[in-house]
Amino acid sequence: MTLAPQAPAAVSARGWGWRHASRKAWAVDGLDLEIDPGERVLLLGASGAGKSTVMHALAGVIGGDDEGEQKGELLVSGQRATSARGIAGLVLQDPDSQVILARVGDDVAFGCENLGVPRDEIWRRVAQSLDEVGLDLPLDHPTSALSGGQKQRLALAGVLAMRPGLILLDEPTANLDPEGVAEVRDAVARVAESTGATLVVIEHRVEVWRDIVDRVVVLAPGGGVLADGDPRSVLRDRGAELSASGVWIPEFPPRFTERRVPSSGGRLLDATGLGIARVRGSRIADGLDIGLDEGRAVAIVGPNGAGKSTLALTLAGLLRPDAGAVSATPALAGPLKSASPIAWRSKDLLTRIGTVFQDPEHQFLSSTVRDELSVGPRALELGVEEVDARVDELLERLRLDHLALANPFTLSGGEKRRLSVATVLATRPKLLVLDEPTFGQDSRTWSELVSLLAGLLDEGQSIVAVTHDADFVAALADDEVRLT
């Protein structure tokens, strides 16, 4: 028995707004928007404009009255969005938050089981959905062994298997390699074409989706809609304006402060004959020889699942080498007895190697942005005035000053990423290890972040960055380590 997909859903927002319980400002305010059944909409806007809030609301998972305040009306297929669960399928910015079960096949099947889909039909859909997103893995493959990009495809497969009437994608290709981006985009296009489902997708980089969608809606940072129309007209007629507000427009690339002539200081870290593994004995890559010098940036690139994040964590002293060694020079280790970062205490790492994880939420510890930025400097036992000075500088430089008292977990994806970078910069380590540092950034915050990192390199700090962002590599990288 093959079940037909749900009918394409309509969306209606009339004066709709949402405010988090911990905030004075509305995340979204005065939204008026009508989306017809079967439309394919690209939702744009600057970082923090409320795009993800709208997506969560349409999926009916924005939270209850204890989590925030809602006003106006938001309908999906004529029903209040909070009562229309099951009509919409949502892929979040953070794929880890959507991995539920231990095996790939079971995880994709989970949504279908909750919808009461017959067993034989479930497994047909599971196989088809995994194929559609290019995740060629056995059904019993452990989800714990997936890379971030693979988890993102897994989450998308779980949504596609439910055959929803409204597909909501929140930056679904942000952590994918170029081949994976094309696979996911094309898979979504095929499903939208075959099912007629309504599609709303958030993506900062317009070029990925503009040939797939038939409409562009741009949210204004202060509330409401900044632009709305067919992609060609909106991007042609208002490209300069949208670019200035932070929207990635291919014809208006972001400007940034370029580095001075790249130079190399002394050696900081050597990896020799390095083998890397998440689980001891299950080696991902082997025989790596890498040298890190002062004032230079190394980009770790390659396809999803190649071990980029594992390599970064090993260089940062957070994973033990599976073979070979990582050794710091006296210029980095200072008076420490051991040259091996894996043997250092957390406090030793604070001023030597600072790490930004792929998932920013994995390193948040405090209930406000200001307190989060203060954690590292306080651990160094700096004076109150010095702590405040460092925090204030980072809040301003990374456009987080208006969020100083907000809970870090209520920030947008791009804001969380900037905060995670700022927490590391607060202790001024000699070596920065950054996993996807530009994830979720609009063109304006991207240029500001790149300019900030360029300045740090000019001052002699060193950077290791795991990234799929070719623009970031072109702007900053002196060297590349390519994993296959």
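The values are calculated or read from the model by the stated rules, or taken from the named source; none is laboratory data. Fair warning: this is a prediction, and the values are worked out from it, not measured in the lab. Glycine gets a Cβ as well: all are built from the backbone with ideal geometry, and neighbour counts include every protein chain shown.
Report whether or not Glu396 is without any contact (Cβ under 8 Å) to a residue 12 or more places away in the chain, surrounded by fewer than 22 Cβ atoms within 10 Å (Cβ to Cβ) and under 23 Å from the mean Cα position of the chain (by Cα).
Yes.
Does Val387 qualify as being touching a residue at least 40 places away in the same chain (Cβ under 8 Å), more than 30 Å from Asp66 (Cβ to Cβ) and not acidic (Asp, Glu)? In short, no. Here Arg23, Arg19 are screened, and the one residue that is assigned to a strand (DSSP E or B) and modelled with pLDDT under 95 is Arg19.
Scan the range 45-62 and tell me whether some residue there is outside any strand (DSSP E or B), more than 29 Å from Asp211 (Cα to Cα) and not assigned by TED's automatic domain parsing to the domain that holds Lys416. Yes - at least one qualifying residue is present in the range 45-62. Listed by position, the helices (runs of 4 or more DSSP H) inside the range 88-169 whose residues that are closer than 22 Å to Ile284 by Cβ and touching a Leu at 6+ places or on another chain (Cβ under 6 Å) number at least 2 are 104-114, 148-161. Here Asp65 clears all of (1) modelled with pLDDT of 90 or more; (2) not in a strand (DSSP E or B) except the condition numbered (1).
Scanning the range 26-43 for residues that are part of a strand (DSSP E or B) and in contact with a Phe, Trp or Tyr (Cβ under 9 Å, 6 or more places away or on another chain), we see that the one that is nearest to Asp214 (Cα to Cα) is Arg40. If the condition is being out of contact with any strand residue (DSSP E or B) (no Cβ under 8 Å at 6 or more places or on another chain), surrounded by 14 or more Cβ atoms within 10 Å (Cβ to Cβ), in contact (Cβ under 8 Å) with a residue 40 or more places away in the chain and farther than 14 Å from Leu449 by Cβ, then the range 404-422 contributes Pro408, Leu411, Ser412.
Restricting Val473, Val464, Val424 to those that are within 19 Å of the chain's Cα centre (by Cα), in a strand (DSSP E or B) and assigned by TED's automatic domain parsing to the domain that holds Pro377 reduces the list to Val464.
Remark: Arg255 falls outside the filter, which requires a residue to be crowded, with 17+ Cβ neighbours inside 10 Å, in a loop (DSSP other than H, G, I, E, B) and charged (D, E, K, R). Would the range 179-197 turn up any residue that is free of Cβ contacts under 8 Å to residues at least 12 places away in the same chain, surrounded by fewer than 20 Cβ atoms within 10 Å (Cβ to Cβ) and more than 17 Å from Gln152 (Cα to Cα)? Checking the range 179-197: at least one residue is free of Cβ contacts under 8 Å to residues at least 12 places away in the same chain, surrounded by fewer than 20 Cβ atoms within 10 Å (Cβ to Cβ) and more than 17 Å from Gln152 (Cα to Cα). None of Ala161, Ala157, Ala88, Ala102 is surrounded by fewer than 19 Cβ atoms within 10 Å (Cβ to Cβ) and aliphatic (A, V, I, L, M) except Ala102.
Residue check: is Gly116 farther than 30 Å from Val301 by Cβ and assigned by TED's automatic domain parsing to the domain that holds Thr195? For Gly116, the condition - farther than 30 Å from Val301 by Cβ and assigned by TED's automatic domain parsing to the domain that holds Thr195 - is met.
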